[in-house]
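What follows draws every value from the coordinates through simple rules; no lab data is involved. Bear in mind the structure is a predicted one, so any value in this text is a computation, not a measurement. Positions of Cβ are backbone-derived with ideal geometry, glycine not excepted, and every protein chain shown enters the neighbour counts.
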Amino acid sequence: MAKKKTVITCAVTGAIHTPTMSDALPYTYDDIAKQAVDAAEAGASILHLHARNPETGAPSVEPEDFSPFLPRIKQATDAVVNISTGGSLTLSIQDRIKPAATFSAEMCSMNMGSMNFSFHPLAKRYGDDDWKFDWEKDYVANSDGNIFRNTFKDIEEAATTLAPHAIKFEHECYDVGHLYNLKFCMDIGLFKAPIFIQFVMGILGGIGADIDNLVFMKKTADKLFGDAYQWSVLAAGAAQIPMATTASQMGGNVRVGLEDSLFISRGVLADSNAQQVAKIRRVIEELGSEVATPDEARELLDLKGGDRVAF
């Protein structure tokens with residue numbers, strides 16, 4: 001039997017890391033577009049996209065901060081565009097789903113539970129005078145007090161609002177309980193198989209990034225969803241490449257990118273998203289697997305196609 005090809009997702013900028021943390025983190029429209037296209041050329045078949053304020057680098061969920069780069073990416077590459085609905089840890093679900101609803105992308109993320117998504121320890125790495133922009137220090141340091149809200153009501157509102165767009169969701173599950181949340185939502189008809197699950201590992205407030213936890217998440221998903229799902233793994237920080245490697249050898253798909261880790265190896269900042277994509281692609285291929293093309297990813301995940309987006 002032919003081995004299933006591995007889908008690489010690249011999460012280009014995210015809403016967690018700030019410009020002070022890495023000069024490679026893209027936040028202008030030009031840089032987001034260029035890094036996304038370069039990542040696709042390096043082997044990413046899905047581009048997971050957030051927007052930023054191009055002047056300050058602050059996370060943005062405003063559609064006008066997506067519109068300058070989405071058409072450029074579509075014109076330059078055939079990669080699947082996945083628009084985040086988690087683009088802020090403090091805004092309402094109504095605000096967070098506006099970009100996905102506006103642009104009707106092939107995919108969007110769907111966080112499957114509330115959590116204290118915290119990254120406040122990063123603030124201790126920088127002195128008061130090190131920050132490039134005024135908003136950064138408080139944004140990072142105060143994340144220990146933020147609840148990243150994704151209630152069942154929020155999930156239902158997002159699902160029903162986006163249902164007419166035939167968007168496939170990247171169901172982000174930060175812990176085992178989120179898998180049970182997803183099963184409940186399927187049981188009441190919010191989502192239909194086949195589903196795509198992203199195991200999110202190594203975020204403070206969620207499940208740790210180790211192989212035992214990955215195996216447990218996978219076994220739980222098998223029990224709940226049988227063969228009616230595809231899965232992928234993203235791991236934060238130094239765990240990014242090791243966990244992606246393990247996932248690829250377990251038959252799963254992988255996600256890398258500067259949203260999830262700023263590094264290319266321990267202690268060494270990545271030059272770009274494409275550098276991370278090229279590294280995991282090299283690892284996957286040297287271990288005897290193949291990387292999926294965008295069209296192969298569309299077939300595997302049952303996507304609507306790039307001709308049905310609104311950008």
Label points 7 Å out from Cα along the Cβ direction at D128 and A163: separation in nm?
5.3 nm
Mark the label point 7 Å from the Cα of K223 along Cα→Cβ and return the residues of region 175-195 whose backbone N is within less than 14 Å of it.
176-181, 183
Would you please classify the overall shape of region 8-308 from the alpha carbon gyration tensor, given that a ≥ b ≥ c denote the square roots of the eigenvalues, rounded means a/c under 1.5, and beyond that prolate means a/b larger than b/c while oblate covers the rest?
rounded
Please give the peptides 265-275, 294-304 ranked by average Cβ packing (other Cβ atoms within 10 Å per residue), highest first, as a rough proxy for protection.
294-304, 265-275
Which listed pairs, of K153/K183; K34/K168; K98/K132, have C-alpha distances above 21 Å, in listed order
K34/K168; K98/K132
With θ set to phi - 60° and the Karplus curve 6.51 cos²θ - 1.76 cosθ + 1.60, what are the ³J(HN,Hα) couplings of region 195-201 in order, to the nearest whole Hz, using x for Gly and Pro?
10, 10, 10, 9, 6, 9, 10
Once you put a point 7 Å from the Cα of D30 and another 7 Å from the Cα of D78, both along the Cβ direction, what distance in nm separates them?
3.0 nm
Yeah, region 256-311 with a ≥ b ≥ c from its alpha-carbon gyration tensor (a/c under 1.5 is rounded, else prolate when a/b outruns b/c, oblate otherwise) is oblate
Over region 1-160, what per residue volume does the convex hull of the Cα atoms give, in whole Å³?
143 Å³
CD proxy, 222 nm, the chain: helix-only mean residue ellipticity via -39,500 (n - 2.57) per DSSP H run with n ≥ 4, per residue, nearest 500, stands at -10000 deg cm²/dmol
Give me the percent relative contact order of region 110-204, please, defined on Cα pairs under 8 angstrom at least 6 residues apart.
39 percent
What is the set of long-range amide H partners of I83 at a cut-off below 5 Å, with H atoms built 1.01 Å from backbone N?
L49, M107, C108, S109
Amide H to amide H under 5 Å from R52: which residues, 5+ apart in sequence or cross-chain, H placed 1.01 Å off N in plane?
S60
Ranked from highest to lowest mean number of other Cβ atoms within 10 Å per residue, what is the order of the peptides 26-39, 126-139?
26-39, 126-139
Between M250 and Q94, what length comes free when the chain is fully extended (0.36 nm per residue of separation minus the Cα-Cα distance, one decimal in nm)?
52.5 nm
How high is the relative contact order of the chain, given as a whole-number percent (alpha carbon pairs under 8 Å, six or more residues apart)?
25 percent
Whole-angstrom gap from region 205-251 to region 137-160, using each part's C-alpha centre
23 Å
Subtracting the Cα-Cα distance from 0.36 nm times the residue separation, let me have the gained length for A193 to F152 in nm, one decimal.
12.9 nm
